[in-house]
Amino acid sequence: MRLWTLHPRHLDPQGLVALWREALLAQAVLGGRTRGYTRHPQLQRFAEHAAPLDAVGAYLTAVAEEASARGYRFDASKIDRPSAQAAPITATTGQIEHEWRHLGAKLAARNTDWHARWVAAGQPAAHPLFNVAPGPVQDWERP
């Protein structure tokens, strides 16, 4: 499971679809609808949020909006709390940089056109749910 801190606009089509599916799984886990993945490190920052389902709803909404902007038809009715106004989650510059390098390696291997876009972007943007503050790679990350 990878719940990117990066803005979904940076993801290639395969990455965006995978993110949608994995975030829906995260929603099911946080909602108590599955027994698997309950201790997955990628869920830690959502589980620690004051309103975990609102946070994952806001996360999914931004992913669905990116998909719609690209002309994809993700079923937004699957978002439990699609209009949730969740308090931002703090992410670190180290985490953003780690994910940016990780994404670059993935794109170089599977999608050279998107890798060229990654190179041209130069600087990563964070998913709208996250506020970025200085700091190292986050403790929950498994490098």
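The table for this structure:
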{"item": "Å² per residue, accessible surface of the stretch 1-115 at 1.4 Å", "result": "50 Å²"}
{"item": "Of all accessible heavy-atom area on the stretch 1-104, the percent that carbon and sulfur account for (1.4 Å)", "result": "48 percent"}
{"item": "Most fluctuating residue given options 65, 48, 99, as computed from a GNM of the chain linking Cα atoms under 10 Å", "result": "48"}
{"item": "Rough spin-label spacing in nm, given labels placed 7 Å along Cα→Cβ, for residue 112 and residue 28", "result": "3.7 nm"}
{"item": "Of 132, 31, 96, farthest towards positive along the dipole that unit charges on Lys, Arg, Asp, Glu beta carbons give the stretch 21-143", "result": "31"}
{"item": "Nonlocal amide H pairs with residue 132, under 5 Å, H built at 1.01 Å", "result": "91"}
{"item": "Anisotropy class of the stretch 63-143 from Cα gyration tensor, a/c 1.5 cut", "result": "oblate"}
{"item": "Highest-first arrangement of 52-61, 110-119, where packing means the average Cβ count within 10 Å", "result": "52-61, 110-119"}
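The values are calculated or read from the model by the stated rules, or taken from the named source; none is laboratory data. A quick note: this is a predicted structure, and the numbers were derived from the prediction, not measured. Positions of Cβ are generated from backbone atoms using ideal geometry, with glycine treated the same way; all protein chains shown enter the neighbour counts. To get the accessible areas, we keep the full protein, side chains included, count just its heavy atoms, and leave off ligands, DNA and RNA. Shrake-Rupley method; radii C 1.70, N 1.55, O 1.52, S 1.80 Å.
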